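Enquirer: Dropping the structure in here first, questions after.
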Amino acid sequence: TGSTRPQRILRAVQKNSTRGSPCSVVNAIDDYCKHKEWAMNVGDEKGIIVDDVVLELKPITVLELGTYCAYSTVRIANLLPPEAKLITLEFNAESAAIAREIITWAGLEEKIQLIIGASGDWIPRLKEEFGIETFDLVFLDHWKDRYLPDTKLLEKCGLLKPGAVLLADNVICPGTPDYLDYVRNSPRYKSKFYRSHLEYTQEEDGLEHSVFLGLYDNPNL
Ligand SMILES: O=C(NCCCCc1cc2cnccc2s1)c1cc(-c2ccc(F)cc2)cc(O)c1O
Ligand SMILES: [Mg+2]
């Protein structure tokens, strides 16, 4: 039984980065995925856009949907203010186990809560089980056909306050057409597209940055 891609990524991190140095962890994963084998991390090019959004917004509570090997988890958490917290959901238990090791290696376990399960099951439970009021930033990077239903679920559960930012990966490749249509045409969002490329490739991709404006068009929600 050979190793899995997440296991090989963890090994590359342990070999080529320094414990407690999130930057060196991010660089080690990028180097491995650029030169050895592709993996679905947001990557260095889109990662710079994510960094800028986080540094500008200074979010205190962050939700990440889709942890994978915790590349973006570590990249985001490293830029958060001291009292900030990041909750990240991962469906696949194998990659979640690797993600946990990489989060610990980076020394960010205090800032990050990793949950294993499906977004549709967990979003309605976050207020109750984690004492979350609202999220300042949501990074969507999970099943592409769940971006829209989960955005509506976040609205319904009152987990977004006006000014909250949704940052969505892969809106071109693999693509999230129904989500893009919604955030670009709904009066509840002010949306803008950051053109980039699919991680470690020349393929077109980009991030959609959407500011939640409130449910004023339907106060019953
Ligand atoms: O599928 C992608 N990411 C999602 C993995 C879903 C697992 C989860 C579901 C789920 C449900 N609930 C809670 C947590 C979670 S985590 C993905 C795919 C590509 C890609 C792949 C091939 C290709 F040729 C071109 C692009 C690029 C990317 O950047 C990606 O992010
Ligand atoms: Mg992605």
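Enquirer: So what are the range 80-130's ellipsoid semi-axes, whole angstrom, largest first, if each one is the square root of 5 times an eigenvalue of the alpha-carbon gyration tensor?
Expert: In descending order, the three semi-axes are 19, 17, 6 Å.
Enquirer: Which whole-number percent gives the relative contact order of the range 35-129, counting Cα pairs below 8 Å spaced six or more residues apart?
Expert: 26 percent
Enquirer: In the range 17-157, carbon and sulfur make up what percent of the accessible area (probe 1.4 Å)?
Expert: Carbon-and-sulfur percentage of accessible area, whole number: 53.
Enquirer: Can you work out the FRET efficiency for the pair residue 197 and residue 218, with r the C-beta to C-beta distance and R0 = 41 Å, to the nearest 0.05?
Expert: Result of the calculation: an efficiency of 0.65.
Enquirer: Follow-up question, since we're still on this one. Would you kindly state how much longer the chain becomes between residue 173 and residue 1 on full extension, computed as 0.36 nm times their sequence separation minus their alpha carbon distance, in nm to one decimal?
Expert: Numbers: separation 172, 0.36 × 172 = 61.92 nm, distance 3.15 nm.
In short, 58.8 nm is gained.
Enquirer: Using 22 Å as the Cα-Cα cut-off, could you pick out the over-long pairs in 156/190; 36/85; 46/156; 127/161?
Expert: The pairs that break the limit, which is 22 Å between Cα atoms, are 36/85; 46/156.
Enquirer: Find the Rg to Rh ratio for the chain, where Rh is the Kirkwood radius over alpha-carbon pairs and Rg uses the same atoms.
Expert: In the chain, Rg relative to Rh is 0.95.
Enquirer: Could you please state, rounded to a whole Å, how far the C-alpha centre of the range 100-121 is from the C-alpha centre of the range 32-66?
Expert: 15 Å
Enquirer: If you consider only alpha-carbon coordinates, what radius of gyration and Dmax does the range 91-166 have, in Å?
Expert: In Å, with Rg to one decimal and Dmax whole: 13.3, 36.
Enquirer: The range 127-221: D in µm²/s via Stokes-Einstein (Kirkwood Rh, Cα pairs, 37 °C, 0.692 mPa s)?
Expert: So the translational diffusion coefficient is about 238 µm²/s.
Enquirer: Determine the gain in length on full extension of the stretch residue 156-residue 15; use 0.36 nm per residue of separation and subtract their C-alpha separation, reporting nm with one decimal.
Expert: Value of the extension gain: 46.3 nm.
The values are calculated or read from the model by the stated rules, or taken from the named source; none is laboratory data. Remember, predicted model here, so these are calculated numbers, not experimental data. No Cβ is skipped: glycine too gets one built from the backbone with ideal geometry, and neighbour counts run over all protein chains shown. For the accessible areas, the whole protein counts, side chains as well, though only heavy atoms, and no ligand, DNA or RNA atoms are used. Shrake-Rupley method; radii C 1.70, N 1.55, O 1.52, S 1.80 Å.
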